[in-house]
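> Just dropping this structure here.
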Amino acid sequence: MNVTQQQPIIVNILVVGVGGQGVMTASEILCEAAILQGFDAKKTEVAGMSQRGGVVSSHVRFGPKVYSPEIARGEADVLVAFEAAEAMRWCHYLRPNGVAMVNRLHLEPPVVSLGLFPYPPDPVEEIRKQGLRVYDFDGSAIALELGDKRLVNTVMLGAISENLPFTPEMLKERIVERFRVRKPALAELNAQAFDRGRAAAK
């Protein structure tokens, strides 16, 4: 599903994962790209013990005019999950024809390591059982192949780039430019990460 085919008034993207994976950076880049394309954009973030591997989520909304950053349940066009169980936990936010782009990585949050909740045996399969469209791949392995696990956020942005109302090339350029200004040595590496994520999603 490509959200550009539906021509929605508002595009809703939910980005989820755990602390240290770059969830908030990814949502910032999406907002910047949307604003550069002339959209109004808003986001909200929730970080629970993010420095200790706690869960992190960010709602990103953009369109002609956005009044609230909150995505209602059942209204997300795209769910970008940096961790498999978090994808399962948030999948009820997806529209029936939405897309879940899932990194297969399994990271136990503190509630699991403390024995308060079990980790689901197959989070991606649980999502599929609900009739939702899921694309899953090992984004973390791709990032490690490129030399830095922190590249997973760029890998995941590349993966969703075909499901946005602007071109993948435009989003890639925004990412590369961001690093070209702040950390020039990482610009080309992030360009590669984006391309690898885009290819993996196909």
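> For the chain, what is the accessible area per residue in Å², given a 1.4 Å probe and the full set of protein chains?
Accessible area per residue, the chain: 47 Å².
> Another question, then. Pull up all non-local amide H partners of residue 166: gap of 5 or more, or a different chain, and H-to-H distance under 5 Å with H placed in the peptide plane.
Correct list: empty.
> If you don't mind, there's one more thing I want to ask. Taking the alpha-carbon centroid of each part, what is the distance from segment 92-127 to segment 175-192 in angstrom?
If you average the Cα positions of each part, the centres end up 30 Å apart.
> Please list, in chain and number order, the residues 5+ apart from residue 99 or on another chain whose amide H is under 5 Å from its amide H, with Hs placed from the backbone.
78, 79
> Okay, next question. What GluC sites (Glu not before Pro) does segment 46-128 have in DSSP loop regions with at most 15 other beta carbons within 10 Å?
When the GluC sites (Glu not before Pro) of segment 46-128 are filtered for loop state and at most 15 Cβ neighbours within 10 Å, 70 remain.
> Moving on. In whole Hz, what ³J(HN,Hα) sequence does segment 129-146 give by Karplus (6.51, -1.76, 1.60; θ = phi - 60°), x for Gly and Pro?
Once θ is set to phi - 60°, the couplings for segment 129-146 become 4, 8, x, 8, 7, 10, 10, 10, 7, 8, x, 5, 5, 4, 4, 5, 4, 7 Hz.
> Magnitude of the Cβ-charge dipole of the chain, K/R +1 and D/E -1, about the Cα centre, nearest 20 debye?
240
> Which of the trypsin sites (Lys or Arg not before Pro) found in segment 46-151 are loop residues per DSSP with 15 or fewer other Cβ atoms within 10 Å of their Cβ?
In loop regions of segment 46-151 (DSSP not H, G, I, E or B), the sparsely surrounded trypsin sites (Lys or Arg not before Pro) are 65, 73.
> Using R₀ = 41 Å, calculate the FRET efficiency as 1/(1 + (r/R₀)^6) where r is the Cβ-Cβ separation of residue 40 and residue 116; round to 0.05.
0.55
> At a 1.4 Å probe radius, carbon and sulfur cover how many percent of the accessible area of segment 73-202?
54
The values are calculated or read from the model by the stated rules, or taken from the named source; none is laboratory data. No experiment lies behind these values; they were computed from the predicted model shown. Don't worry about glycine lacking a Cβ; one is built from the backbone with ideal geometry, like all the others, and counts go over all protein chains shown. Calculation scope for accessible area: heavy atoms of the full protein, side chains included, ligands and nucleic acids excluded. Shrake-Rupley method; radii C 1.70, N 1.55, O 1.52, S 1.80 Å.
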